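Take a look at the structure below.
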Amino acid sequence: MEPINSIIDPTSKIFSDVYIRDSKVGKDTVVSDRSVIISSAIEDKVTIGRECSLVYTSFGYGSFIGKGSLVKFSKIGRFCDLSWQLSIGGSNHNYKAACMYTDSSWKRVLGIGDGLAPVPESEYTIIGNDVWLGAKVNIIRGVKIGDGAVIGANSLVLHDIPPYAIAVGSPARVIKYRFDESVIEELIKIKWWEWDIETIREASEYLRGDLDERKLDSLKTIARERENK
Ligand SMILES: CC(C)(COP(=O)(O)OP(=O)(O)OC[C@H]1O[C@@H](n2cnc3c(N)ncnc32)[C@H](O)[C@@H]1OP(=O)(O)O)[C@@H](O)C(=O)NCCC(=O)NCCS
């Protein structure tokens, strides 16, 4: 299918039966079979798995989302690994009404109203940078997942999750943090995901494998050098 009213970088790879409308797709990005992208902005080097639906969503550089995921009215950071069969930014239906149909259903079935109601950006679901979501995670609309957080498989996330926390369960609760508080403070200051890609490539030995004092010191030095430039 030809993209509609969209800007698709020619280096991106769009597989079969993909529907793209009112969207932007960056360089070297992969959109796999049967995915749907509407009113969304996808940065460079992103991978969208098969049968995903992205609606009013932005994806930061290098992030990945697995097969069968639905994301609506959300902002996803850079370098995220989001597993498969996720539901991010889904809304609650009005169960106090006699009929719980959404505006989209009223429009679709009965031709009443304007359809999908716009959501203000202040109510978007936010996924930070360097976030890992396990399989089948459900994050409800408006929740903020901090940079570096981990959400365990099958979790239902109803409340904001702080940076570098590991949260699991339904409803999701923080069980531990990836690092000690002082290390987390440093990483939040370093914000390596904002570096230019060449610097990240050069720093890869400090970003990969278990973080230790030597690696953290090296990351701090790079961050300082960048500030002084
Ligand atoms: C969250 C996760 C990373 C934690 O791993 P871990 O640090 O090794 O944690 P542990 O196994 O030591 O578990 C710690 C506690 O949390 C519980 N727990 C772990 N993951 C859980 C989950 N997804 N849901 C509910 N409870 C969970 C454990 O049962 C354990 O509880 P206990 O202390 O009462 O026994 C991992 O369990 C997980 O869910 N990974 C996602 C895997 C996945 O979906 N991969 C898809 C490919 S990306």
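The values are calculated or read from the model by the stated rules, or taken from the named source; none is laboratory data. As the structure is a computational prediction, the values presented were derived from the model and not from experiment. Quick reminder, even Gly has a Cβ in these numbers, built from the backbone with ideal geometry, and neighbours come from all protein chains shown.
Kindly check whether there is at least one residue in the range 87-94 that is closer than 18 Å to V18 by Cα, in contact (Cβ under 8 Å) with a residue 12 or more places away in the chain and more than 16 Å from the ligand (Cβ to nearest atom). No, the conditions are met nowhere in the range 87-94.
Here is a yes/no grid of residues against (1) surrounded by fewer than 19 Cβ atoms within 10 Å (Cβ to Cβ); (2) touching a strand residue (DSSP E or B) at 6+ places or on another chain (Cβ under 9 Å); (3) under 19 Å from I37 (Cβ atoms):
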position	(1), (2), (3)
S69	no, yes, yes
K72	no, yes, yes
Y101	yes, no, no
S104	yes, no, yes
P118	yes, yes, yes
E123	yes, yes, no
I127	no, yes, yes
G134	yes, yes, no
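Pick out the one residue from A149, A203 that is assigned by TED's automatic domain parsing to the domain that holds S63 and free of Cβ contacts under 8 Å to residues at least 40 places away in the same chain.
On the way: A203 fails: assigned by TED's automatic domain parsing to the domain that holds S63.
Going through A149, A203 in turn, the sole match is A149.
Only a single criterion out of (1) outside any loop (DSSP other than H, G, I, E, B); (2) of a type outside the set (D, E); (3) modelled with pLDDT of 95 or more; (4) closer than 17 Å to R78 by Cβ is not satisfied by L216, namely (4). Only a single criterion out of (1) in contact (Cβ under 8 Å) with a residue 40 or more places away in the chain; (2) away from the ligand (no atom under 11 Å from the Cβ); (3) assigned by TED's automatic domain parsing to the domain that holds F79; (4) under 18 Å from C80 (Cα atoms) is not satisfied by W193, namely (3). Return the residues of the range 144-156 that are buried (at least 20 other Cβ atoms within 10 Å of the Cβ) and away from the ligand (no atom under 16 Å from the Cβ); say none if nothing qualifies. The answer is D147, and nothing else.
Say whether the condition of being away from the ligand (no atom under 15 Å from the Cβ), assigned by TED's automatic domain parsing to the domain that holds A135, under 18 Å from I126 (Cβ atoms) and of a type in the set (D, E, K, R) is met by at least one residue in the range 51-74. The answer is yes, given that some residue of the range 51-74 is away from the ligand (no atom under 15 Å from the Cβ), assigned by TED's automatic domain parsing to the domain that holds A135, under 18 Å from I126 (Cβ atoms) and of a type in the set (D, E, K, R).
Applying the set (1) farther than 19 Å from G66 by Cα; (2) out of contact with any strand residue (DSSP E or B) (no Cβ under 6 Å at 6 or more places or on another chain) to I140 leaves exactly one unmet item: (1). Checking each residue in the range 106-141 for being part of a loop (DSSP other than H, G, I, E, B), within 14 Å of the chain's Cα centre (by Cα) and more than 16 Å from the ligand (Cβ to nearest atom) picks out Y124, G128, N129, R141.
Applying the selection to the range 35-50, what residues are touching a Lys or Arg at 6+ places or on another chain (Cβ under 8 Å) and either closer than 14 Å to T11 by Cβ or not polar (S, T, N, Q) (or both)? Correct list: I37, I38, A41, I42, E43, D44, K45, G49, R50.
Could you please let me know if V46 is buried (at least 18 other Cβ atoms within 10 Å of the Cβ), at pLDDT 95 or above and out of contact with any helix residue (DSSP H, G or I) (no Cβ under 6 Å at 6 or more places or on another chain)? Steps first, answer last, please.
Numbers: buried (at least 18 other Cβ atoms within 10 Å of the Cβ): yes; at pLDDT 95 or above: yes; out of contact with any helix residue (DSSP H, G or I) (no Cβ under 6 Å at 6 or more places or on another chain): yes.
Yes; evaluated as a whole, the condition is true for this residue.
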